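Trainee: The structure's right below; bear with me while I get my questions together.
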Amino acid sequence: MYNYNNFTDNELFELSQGGDQSAFEEIYKRFSGLLYIYAKKLIKNDEDAQDIVQEVFVYLWNNQKIRLNAQLSAYLYTAVRYKIFDWIDKNKIRTNYATSLRTFIEQGELVTDNYLREKELIAIIEKEVNKLPSKMRQIFEMSRNLHLSQKEIALQLQISDKTVKKQMGNALKILRLKLTSFLTLITLLISLTRF
């Protein structure tokens with residue numbers, strides 16, 4: 001039975017590479033606390049710092065073909081540093097993904113809400129336009145859908161400009177009255193969803 005306290009770090013490493021679990025445990029005892037402090041300084045998160053150190057030791061134990069070019073301590077600190085770089089990259093991606101997802105959801109809801117409200121408003125306007133008296137509806141649609149002037153409408157329908165103007169005024173008055181309550185409700189809903 002060896003007294004592992006007397007071995008150098010690199011001697012312990014050679015023994016652990018040969019499958020000596022006690023040598024590995026001695027390495028763990030010597031370095032895990034220091035590596036944890038090092039990792040914690042860099043990432044400021046207890047659990048993640050512990051996980052990183054554990055991953056390095058798991059890798060060290062599971063890979064029996066590691067060849068050291070320097071001291072074991074240098075190898076371990078470098079391994080922790082690289083694990084931290086990986087951790088930072090993954091968290092950056094996660095953060096960027098979460099941010100873009102949150103933005104998409106917020107903007108997506110807004111776009112969808114606006115689209116649905118617009119479609120609903122158009123449907124209500126069309127419904128109310130269809131309820132207008134036939135001549136009034138015809139004049140209104142010629143003005144709004146065909147973009148004809150009052151004079152052009154008067155010529156086509158063989159009525160006076162004054163009649164066209166009066167019919168358009170009446171149509172707008174009726175639609176305004178019918179749609180005011182709907183628009184008030186929409187405005188109220190929009191203001192409530194902002195909170």
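The values are calculated or read from the model by the stated rules, or taken from the named source; none is laboratory data. Predicted model only: the values in this text are computed from it and were never measured. Glycine gets a Cβ as well: all are built from the backbone with ideal geometry, and neighbour counts include every protein chain shown.
Trainee: With the requirement that a residue be under 17 Å from Asp86 (Cβ atoms) and touching a residue at least 40 places away in the same chain (Cβ under 8 Å), what does segment 13-66 give you?
Mentor: Within segment 13-66, Leu35, Tyr38, Ala39, Leu42, Ile43, Leu60 qualify.
Trainee: Related question: Residue under question is Phe85, and the condition is that it be at pLDDT 90 or above and either in contact with a strand residue (DSSP E or B) (Cβ under 7 Å, 6 or more places away or on another chain) or in a helix (DSSP H, G or I) (or both); does it hold? Outline the logic, then answer.
Mentor: Values: at pLDDT 90 or above: no; either in contact with a strand residue (DSSP E or B) (Cβ under 7 Å, 6 or more places away or on another chain) or in a helix (DSSP H, G or I) (or both): yes.
It is false that Phe85 is at pLDDT 90 or above and either in contact with a strand residue (DSSP E or B) (Cβ under 7 Å, 6 or more places away or on another chain) or in a helix (DSSP H, G or I) (or both).
Trainee: Collect the residues in segment 61-82 that are more than 36 Å from the chain's Cα centre (by Cα) and either in a helix (DSSP H, G or I) or among the charged types (D, E, K, R) (or both), keeping them in residue-number order.
Mentor: The initial filter retains those residues of segment 61-82 that are more than 36 Å from the chain's Cα centre (by Cα), namely 61-76.
Scanning segment 61-82 gives Trp61, Asn62, Lys65, Arg67, Leu72, Ser73, Ala74, Tyr75, Leu76.
Trainee: When only residues in segment 167-195 that are of a type in the set (A, V, I, L, M, F, W, C) and either modelled with pLDDT of 90 or more or closer than 16 Å to Leu132 by Cβ (or both) count, which is surrounded by the most Cβ atoms within 10 Å (Cβ to Cβ)?
Mentor: Kept after step one, since they are of a type in the set (A, V, I, L, M, F, W, C), are these residues of segment 167-195: 168, 171-172, 174-175, 177, 179, 182-183, 185-186, 188-190, 192, 195.
Next, only the ones that are either modelled with pLDDT of 90 or more or closer than 16 Å to Leu132 by Cβ (or both) stay: 168, 171-172, 174-175, 177, 179.
On the way: Met168: 18, Ala171: 21, Leu172: 13, Ile174: 17, Leu175: 17, Leu177: 10, Leu179: 15.
By that ranking, first place goes to Ala171.
Trainee: Does Lys92 count as at pLDDT 75 or above and either exposed (fewer than 11 other Cβ atoms within 10 Å of the Cβ) or of a type in the set (Lys, Arg) (or both)?
Mentor: Answer is no for this residue.
Trainee: Then there's this: If only one of Val129, Val164, Val80 is surrounded by 13 or more Cβ atoms within 10 Å (Cβ to Cβ), closer than 30 Å to Lys44 by Cα and either at pLDDT below 85 or of a type in the set (A, V, I, L, M) (or both), which one is it?
Mentor: On the way: Val129 fails: closer than 30 Å to Lys44 by Cα; Val164 fails: closer than 30 Å to Lys44 by Cα.
Answer to the selection: Val80.
Trainee: Turning to a different aspect of this structure: For segment 140-150, check the following and say yes or no: at least one residue is at pLDDT 85 or above, of a type in the set (Lys, Arg) and assigned by TED's automatic domain parsing to the domain that holds Leu175.
Mentor: No, there is no match, as no residue in segment 140-150 is at pLDDT 85 or above, of a type in the set (Lys, Arg) and assigned by TED's automatic domain parsing to the domain that holds Leu175.
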